[in-house]
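The values are calculated or read from the model by the stated rules, or taken from the named source; none is laboratory data. Keep in mind that this is a model prediction, so the values were computed, not measured. Cβ placement follows ideal geometry from the backbone for every residue including glycine, while neighbour counts extend to all protein chains displayed. Ligands, DNA and RNA are excluded from the accessible area calculation, which covers all protein heavy atoms including side chains. Shrake-Rupley method; radii C 1.70, N 1.55, O 1.52, S 1.80 Å.
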Amino acid sequence: MENLINIFVRSVFIDNMVFAYFLGMCSYLAVSKTVKTSVGLGLAVVFVLTITVPVNYLIHNYLLKEGALAWLSESFAGINLSFLSFIMFIAVIASMVQLVEMVIEKFSPALYSSLGIFLPLIAVNCAILGGSLFMVEREYINIGEATVFGFGSGVGFLLAIAGIAAIREKIQYSNVPAPLRGLGITFIITGLMGIAFMSFMGIKL
Amino acid sequence: MSNKKEREPLFSSKNLKLLREPLGANNPITVQVLGICSALAVTAKLKPSVVMAISVVVVLSVSNVIVSLLRKTVPPRIRIIFQLVVIAMMVVLVDQVLKAFAFEVSKQLSVFVGLIITNCIIMGRLEAFAMANKPWESFMDGLGNAAGYGWILIVVGFFREFLGSGTIFGYPVMETLGVYELGYEDNGFMILPPMALITVGIIIWVQRSRNRDLIDKS
């Protein structure tokens with residue numbers, strides 16, 4: 001349990017998807033004009049990451065990893081399919097996003113219409129594929145850890161995008177130098193937020 | 001496209017414009033805001049930035065050509081999946097080549113080679129350009145956009161490595177110049193991730209104050 005909390009805190013604050021690895025930057029910059037839409041996108045990302053990371057964990061450990069096919073028969077123990085992982089992961093993500101979209105449309109039309117175009121766009125959000133790839137690289141030992149990591153990364157993204165959206169709403173009233181307006185100042189603010197988030201470094205529960 | 005009979009020369013002014021425009025006035029990173037994700041994380045040193053730039057040039061120009069060749073046979077409903085498969089195939093190839101010939105750099109780039117798949121520049125160009133244009137023009141467009149992405153990457157990588165560790169391509173420039181004896185110290189801050197964002201912010205600032213048309217109207 002302690003371990004899970006540790007992974008959660010790490011993935012939200014220390015290894016924050018946006019500030020430490022710059023993942024999901026495209027949608028982070030494009031959709032952060034108002035707090036409301038950015039929270040909607042953030043929630044969708046949390047949702048998709050929490051589903052895709054454990055699914056990809058299972059695929060990686062029982063199909064692709066070196067020796068992963070040993071549960072089928074002894075003779076498969078030497079097979080290493082990990083070079084297929086990019087294609088498999090992106091296929092899982094694309095189909096999961098499609099599935100999530102259909103489920104939400106059926107059971108909660110209100111949420112569906114408020115998420116709108118963001119839902120399909122999540123398939124090409126770097127944070128989602130990045131979550132799966134980091135999951136492989138960090139070698140989580142069981143599916144619980146992988147799920148918590150996925151959820152935590154999503155929460156980190158939500159935190160970041162809601163924060164920048166709030167700042168951008170305020171900064172419209174300030175006198176920013178003209179060439180820096182819009183994109184430039186957003187970059188610099190994100191950098192400053194990243195520096196602030198670095199103060200969490202070294203926290204361990 | 002018009003149905004004029006005579007063939008256009010390969011390097012007509014229109015094609016050269018496709019190549020040149022993304023380098024400056026329509027740069028994918030500083031103007032179109034695409035592909036930021038991977039651009040920032042790999043630029044702490046110059047070498048991974050250069051490798052990343054080359055990988056994106058290869059992936060984007062080749063997948064632009066493939067998509068453009070097949071654009072008439074693919075039904076529009078499945079085009080996203082089709083584009084993703086083409087990109088993923090190219091990225092797997094690049095990844096395997098890097099692992100075979102430049103293992104050190106491929107370790108440094110870690111997950112970011114895989115993340116070329118979700119690099120918005122590539123999806124964006126396939127969707128916006130290659131699906132509607134002929135192979136050669138798509139190739140030029142891919143080359144131009146990837147190069148526009150690449151030079152920003154290399155500039156950021158150069159400054160971060162030069163100011164952060166006092167080296168260029170690992171060669172200790174600052175030490176050779178002997179500035180350490182004068183009391184100069186490396187700015188370790190430049191290596192940290194947030195400085196990549198601020199460096200790009202400054203590039204945008206410089207570019208927009210030179211080219212006033214790009215300034216946000218809002």
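Data overview
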| read-out | value |
| --- | --- |
| Farthest positive-ward along the range A:69-205 dipole, Cα basis, beta-carbon charges - from A:71, A:195, A:131 | A:195 |
| Cβ charges +1 (Lys, Arg) and -1 (Asp, Glu), total dipole of chain B, debye | 1140 |
| Descending semi-axes in whole angstrom, ellipsoid equivalent of the range B:137-185, from the Cα gyration tensor | 35, 8, 6 |
| Relative contact order %, chain A, counting alpha carbon pairs below 8 Å whose residues are six or more apart | 42 |
| Within the range A:92-205: Cβ-based charge dipole about Cα centre, in debye rounded to nearest 20 (Lys, Arg +1; Asp, Glu -1) | 360 |
| Chain A - Rg over Rh from alpha carbon coordinates, Kirkwood radius | 1.03 |
| Kirkwood Rh and Cα Rg combined as Rg/Rh, the range A:25-89 | 1.26 |
| Along each principal axis, Cα extent of the range B:23-151, largest first, Å | 41, 33, 22 |
| Dipole magnitude of the protein assembly as shown, debye to nearest 20 (Cβ charges: Lys/Arg +1, Asp/Glu -1, about Cα centre) | 1480 |
| Karplus 3J(HN,Hα) series, Hz, for the range B:181-189 with 6.51 cos²θ - 1.76 cosθ + 1.60 (x for Gly, Pro) | 5, 7, x, 6, 10, 5, 8, x, 4 |
| Surrounding net charge for residue B:158, when Lys and Arg each add one and Asp and Glu each subtract one, Cβ distance under 14 Å | +2 |
| Gyration tensor over alpha-carbon atoms, the range A:122-167, equivalent ellipsoid semi-axes in Å | 23, 12, 7 |
| Area hidden from solvent between A and B (accessible, protein heavy atoms only, 1.4 Å, total, Å²) | 3400 |
| Angle in degrees between helix B:135-165 and the longest Cα principal axis of chain B, rounded to the nearest 10 | 10 |
| Sites matching chymotrypsin sites (Phe, Trp or Tyr not before Pro) across the range A:92-195 that sit in DSSP coil, with at most 10 neighbouring C-beta atoms within 10 Å | A:173 |
| At 1.567 mPa s and 4 °C, Stokes diffusion of the range B:77-140 via Kirkwood alpha-carbon radius, µm² per second | 100 |
| Shape metrics for the range A:64-141, restricted to C-alpha atoms - Rg then Dmax, Å | 16.6, 51 |
| Debye intensity ratio in log₁₀ form over the Cα atoms of the range B:54-95, taken at each q of 0.19, 0.31 Å⁻¹ | -0.53, -1.08 |
| Cα convex hull of the protein assembly as shown - mean projected area over all directions, nm² | 25.6 |
| Within the accessible area of the protein assembly as shown (1.4 Å probe), percent carbon and sulfur | 68 |
| D_trans [Stokes-Einstein, Kirkwood Rh over alpha-carbon pairs] for the range B:109-175, 37 °C, 0.692 mPa s, µm² s⁻¹ | 232 |
| Kirkwood Rh in Å, taken over all unlike Cα pairs in the range A:144-188 | 12.4 |
| Degrees separating the helix A:35-59 axis from the principal Cα axis of chain A, which is the longest one | 10 |
| Estimated [θ] at 222 nm from DSSP helical runs (n ≥ 4, -39500 (n - 2.57)) normalised by residues in chain B, nearest 500 | -19500 deg cm²/dmol |
| Alpha-carbon radius of gyration plus Dmax, which is the widest Cα pair, for the range A:1-122 in Å | 17.6, 56 |
| Angle between chain A longest axis and helix A:143-171 axis [Cα atoms, degrees, rounded to 10] | 10 |
| Over chain B - Rg/Rh using Cα atoms and the Kirkwood inverse-distance radius | 1.03 |
